[in-house]
Amino acid sequence: MKDDKMKILCKWCNVPTHCHIVSEEIAEHQGAYGIDDVKMAKIKIHRHFKGGNYCKGTDRIITVPKNKISEDKIYYH
Ligand SMILES: [Zn+2]
């Protein structure tokens, strides 16, 4: 996976934005059959604009389930 290809749907401006994975961690998730370990990725959203100013999502680090990450796009809601 090439970092420079990764994009995330910024939840502050709703525009696909370049990002990269900062780190990964395991989180416990309460599933239907008990507690599952879920791989999470911390993702830094790159600087981008909303209107004439930087978007609030600029340089934010968010955590998303790793299985939501595909080759070239990440969707986050
Ligand atoms: Zn944004």
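Values in this text are rule-based calculations from the coordinates and carry no lab data. Keep in mind it's a predicted model, so treat the numbers as computed, not measured. Note: ideal-geometry Cβ built from the backbone for every residue, glycine included; neighbour counts use all protein chains shown.
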- Message: With the requirement that a residue be within 15 Å of the ligand (Cβ to nearest atom), out of contact with any Lys or Arg (no Cβ under 7 Å at 6 or more places or on another chain) and part of a loop (DSSP other than H, G, I, E, B), what does segment 58-72 give you?
- Response: ARG60
- Residue satisfying all of: in segment 4-19; part of a strand (DSSP E or B) and among the β-branched types (Val, Ile, Thr); farthest from the ligand (Cβ to nearest atom) among these: ILE8
- Message: Quick check on segment 20-49: of everything there that is in a loop (DSSP other than H, G, I, E, B) and in contact with a Cys (Cβ under 9 Å, 6 or more places away or on another chain), which residue is nearest to the ligand (Cβ to nearest atom)?
- Response: HIS48
